[in-house]
Amino acid sequence: MAEERRNQRPSRPGGSGRSGAPASRGAKPGRAPERGGRASSSGRPERGRGDQRSGGYQGRDDRRGARDERVPRTTDQAKYDGPELPEEITGKELDRSVIAQLKGLPEKLAARVARHLAAAGMLIDEDPETAYQHTLAARARASRLAVVREAVGETAYAAGHYAEALSELRAAKRMNGATAYLPIMADCHRALGQPEQALKLAKSPSVPNFAPEAKAEMTLVEAGARRDMGQLDAALRTLELAPLTSKSRSAWVVRLRYAYADTLEAAGRESDALAWFHRTHAIDSDEITDAAERAELLEKRMG
């Protein structure tokens, strides 16, 4: 079930200029989901949890008065400090709209938060767990900023910490009223074994007004939730309402077609699935799916 959920997972709503982490480097809006052995670069579900860093800080032993002694950091201190910040990361890498939201903080504090957010944006694809730890350090300093809570939510999602991601994105939504988080929040519910809650979010009044890409992301989650519940026919109907025949070659169209082909195969409609895997491959110039391989396997099985 977890593998099937990953087949349908949405991309982050990056590139909007709101989020601290992904927007710092221009997140890929058409992030490929993990499919059929073609794992994404993030390796999200396999990441470990928690801060495994160790280290120390200089503390004064008041009983001796004159001697500093290295004292192990507590978990809270390690989380506050965050991972080491490379010198080349200045915080100026962030989108200007994100930097503007940090201006209400004292200058030095804003600079430190910006550097952690920028570091998170640079690491979220290759090392989402460390990116998540950077955003926790930012949250420890600026928990009342929606852009920070959003960044924590997005990196938690990328690292596979779904309960934490859901909590943080809910907090960000309460602060700024944004609805762009809904597909990820719905997918978090799927990951937590709550497909009914995912479907509730998919029916939110704001969804019909989403841009085509965001609407496609929610469709993928909704169809996946139906599959989680064993409702293959309903999953197919959900996908059939999406623009599967769009002339666009955008990643979101590729992913919709792939999900439809995959669901057709799961429903035992192999000939239809084969046709849609071919249609997927025809527009998948960036090879974000394994549609060609899936089609080849189906052809061999069908004789």
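In this structure, does residue 237 turn out to be touching an Asp or Glu at 6+ places or on another chain (Cβ under 9 Å), in a helix (DSSP H, G or I) and either farther than 28 Å from residue 150 by Cα or of a type in the set (Lys, Arg) (or both)? No: the conditions fail for residue 237. Each residue in the stretch 265-280 was checked for being part of a helix (DSSP H, G or I) and surrounded by fewer than 22 Cβ atoms within 10 Å (Cβ to Cβ), and 9 pass. Filtered by the rule that a residue be of a type in the set (Ser, Thr, Tyr) and outside any helix (DSSP H, G or I), the stretch 120-173 gives a lone residue, 143.
Among the residues that make up the stretch 88-102, is at least one of them touching a residue at least 12 places away in the same chain (Cβ under 8 Å), over 29 Å from residue 211 (Cβ atoms), out of contact with any Phe, Trp or Tyr (no Cβ under 9 Å at 6 or more places or on another chain) and polar (S, T, N, Q)? The answer is yes; a qualifying residue exists.
Using the structure shown, decide if residue 171 is out of contact with any helix residue (DSSP H, G or I) (no Cβ under 6 Å at 6 or more places or on another chain), of a type in the set (Gly, Ala, Ser), without any contact (Cβ under 8 Å) to a residue 60 or more places away in the chain and surrounded by fewer than 20 Cβ atoms within 10 Å (Cβ to Cβ). Break it down into steps so the answer makes sense when it comes.
Working: out of contact with any helix residue (DSSP H, G or I) (no Cβ under 6 Å at 6 or more places or on another chain): no; of a type in the set (Gly, Ala, Ser): yes; without any contact (Cβ under 8 Å) to a residue 60 or more places away in the chain: yes; surrounded by fewer than 20 Cβ atoms within 10 Å (Cβ to Cβ): yes.
Criteria not met by residue 171.
Taking the stretch 281-303 as the range and being within 27 Å of the chain's Cα centre (by Cα), outside any helix (DSSP H, G or I) and either exposed (fewer than 15 other Cβ atoms within 10 Å of the Cβ) or acidic (Asp, Glu) (or both) as the test, the residues that pass are 284, 285, 286, 287, 290. Would you be able to say whether some residue in the stretch 144-151 is closer than 27 Å to residue 201 by Cα, more than 13 Å from the chain's Cα centre (by Cα), surrounded by fewer than 24 Cβ atoms within 10 Å (Cβ to Cβ) and basic (Lys, Arg)? For the stretch 144-151, residues closer than 27 Å to residue 201 by Cα, more than 13 Å from the chain's Cα centre (by Cα), surrounded by fewer than 24 Cβ atoms within 10 Å (Cβ to Cβ) and basic (Lys, Arg): present.
Yes or no, residue by residue, for (1) free of Cβ contacts under 8 Å to residues at least 60 places away in the same chain; (2) in contact with a Lys or Arg (Cβ under 7 Å, 6 or more places away or on another chain); (3) surrounded by 22 or more Cβ atoms within 10 Å (Cβ to Cβ):
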{"position": "122", "(1), (2), (3)": "no, yes, no"}
{"position": "131", "(1), (2), (3)": "no, no, yes"}
{"position": "179", "(1), (2), (3)": "yes, no, no"}
{"position": "217", "(1), (2), (3)": "no, no, yes"}
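Read-outs: derived from the displayed coordinates by stated rules, not from any lab. Everything numeric in this text was worked out from a predicted model, so none of it was measured. FYI the Cβ positions are ideal-geometry reconstructions off the backbone, even for glycines, and counts take in every protein chain you see.
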